[in-house]
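Structure record follows, encoded as structure tokens.
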There are 2 protein chains.
Amino acid sequence: MRTGGAVRGSDANAFIAQNGISQCNSGHRRGQISVVGIGPGHLSDMSPRAREALVAAEVVVGYDTYLELVRELLADKEVIGTGMMREIERCQVAVDQAIAGKRVAVVSSGDPGIYGMAGLVLELALKAPADVRPAVDIIPGISAVGAAAALLGAPLMHDFAVISLSDLLTPWEVIRKRTEMAAAGDFVIALYNPKSTRRVSQIEEVREIVLRHRPAATPVGIVHHASRPKEKVVLSTLADFTKEFIDMFSLVIIGNSQTYVKDGRMITPRGYRL
Amino acid sequence: MRTGGAVRGSDANAFIAQNGISQCNSGHRRGQISVVGIGPGHLSDMSPRAREALVAAEVVVGYDTYLELVRELLADKEVIGTGMMREIERCQVAVDQAIAGKRVAVVSSGDPGIYGMAGLVLELALKAPADVRPAVDIIPGISAVGAAAALLGAPLMHDFAVISLSDLLTPWEVIRKRTEMAAAGDFVIALYNPKSTRRVSQIEEVREIVLRHRPAATPVGIVHHASRPKEKVVLSTLADFTKEFIDMFSLVIIGNSQTYVKDGRMITPRGYRL
């Protein structure tokens, strides 16, 4: 692998942004996929750049729940909603549509680069032959963890680790080891996919691991549906937080050894002497 | 500390959003501070909610470099730019202005909750007596690490740790321990404040620590000034990345054991079988 010193500058990005669909040597209209981070939910949290990419798209692909969040922007589009389709099939449809010459947007909630669709779309696009390979542009969004932190106060003000507890694609042993290391390093720990109807024991194991390194009173914040109609914020402690309602739409933030709660806000101090 | 089960729901947030400045019992006009995440740089990456908070403010406080990024929105404001003022003084000015009844916005680049101004403003506001304590609203933004990841490809698609190498407020021993733990846990590692003119040895030490856990060919991405005019993206390897130019405006992302580069894009696979 020869990667040292490779440079992609702003000129290249400006070109992609202005042209979107470029011509390759064969004269075939080269496809373009934008993986669009729509943010945590409400349109007021979606960047203008993400909005423009959706408006410019001919085809919009996404999980039905997320398409619903941006429905008012999709009136004149070919919309491929895929409630039941698996993620790989959904992203492959996007790649195929782009190869067919369409300008495609893939909707991803939060930041598409954090457990979102950015990686899968890139991986599938890069499997296409070079002469038809679509250009892929990743448009960042406000992340679920950032939105949750803002509602809680300022829990991520110091070094933090982000861990998904979903063991569908990752062995539980890997996730447990990461939890051990994050706890030992006194990282603030943000948990995606903390619990599902099927998967209930892992969050209890995380609690036990972190309790070996931090006091029982360590603050834990739980945010449900940030920036969406059912938004709810709960403050608890490391001892008790697994007694609260937690599901796949929850984001859990465990404080580090310095985190405190005052006046209902969860704060990890940066270290200023005040 | 009694925090179990405390709830802040969407009703409370909607109230704050709609009213901004509320009346407390004494009849004194209670101040409001919005800590506004303006995103990584370009206005097209700033959310409508952040823009509205800036437009609604009477007083805007921030570091001069960041105020410059949103200058076109500040025409009719009292702007308190503080190139030389220290962070504590700057945030205290914001709190004092809010206590005096002004509607204040504190500008923070990226996401204000990630090494930004959210924590300091909250801490200072909470030191004010309860009867004049300003309401503080944190408005999330697209983070520097999210913007950098999008330019690189999809390096954060699996569990990651975010570490600041600045030892101004944190002992180097704590930072080193966290780097050790993140490396041992096979986290993708994102480094804020990786190097300054004064502080040059720490990034070399990080390289040595991670090299004990990962191959020399592990991809490392370096992004300078994401979403700003001088934006530049460099791909390197764990063996070589410290030979590249790195400063306080750089964000460094070190891949995990699965990260690869193809066609100029840095990708950490989520684990799908493709």
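The values are calculated or read from the model by the stated rules, or taken from the named source; none is laboratory data. Predicted model, so just to flag it, every value in this text is computed and none were measured. Cβ: placed from backbone, ideal geometry, glycine included. Neighbour counts: every protein chain shown. Just so you know, the surface numbers come from the protein's heavy atoms only, side chains and all, with ligands and any DNA or RNA stripped out. Shrake-Rupley method; radii C 1.70, N 1.55, O 1.52, S 1.80 Å.
In table form, for the structure just shown:
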read-out	value
Percent RCO, i.e. relative contact order, over region A:145-267, from Cα pairs under 8 Å lying at least 6 residues apart	32
3J(HN,Hα) from dihedral phi, region B:161-170, Karplus parametrisation 6.51/-1.76/1.60, rounded to Hz, x for glycine, proline	10, 10, 10, 9, 8, 6, 9, 5, 10, 10
Per DSSP, loop chymotrypsin sites (Phe, Trp or Tyr not before Pro) in region B:184-274 with at most 12 further Cβ within 10 Å	B:PHE245
Karplus-derived 3J(HN,Hα), 6.51/-1.76/1.60, for each residue of region B:240-247, Hz, glycine and proline x	10, 5, 6, 7, 7, 5, 9, 9
For region A:36-57 versus region A:155-187, the gap between their alpha-carbon centres in whole angstrom	29
Length-normalised contact order of chain A in % [C-alpha pairs under 8 Å, at least 6 apart]	18
Percent of Cα pairs exceeding the 25 Å cut-off, where the set is chain B	52
Shape category assigned to region B:111-193 from the gyration tensor of Cα positions, a/c cut at 1.5	oblate
Rounded accessible area per residue of region A:201-255, 1.4 Å, Å²	39
5 angstrom amide H check on A:MET266, placed H, neighbours 5+ away	A:GLY153, A:ALA154
Within the protein assembly as shown, helix-based [θ] at 222 nm, where runs of 4 or more DSSP H residues each add -39,500 (n - 2.57), nearest 500	-8500 deg cm²/dmol
Rounded if a/c under 1.5, otherwise prolate or oblate - the protein assembly as shown, Cα gyration tensor axes	rounded
With Cα atoms, 0 to 90° folded angle of helix A:87-99 axis to chain A main axis	30
Two-decimal log10 I(q)/I(0) for region A:23-120, as the Debye equation yields it once each C-alpha is a single scatterer, q = 0.18 Å⁻¹	-0.76
Prolate/oblate/rounded label for region B:145-267 (Cα gyration tensor, a/c 1.5)	oblate
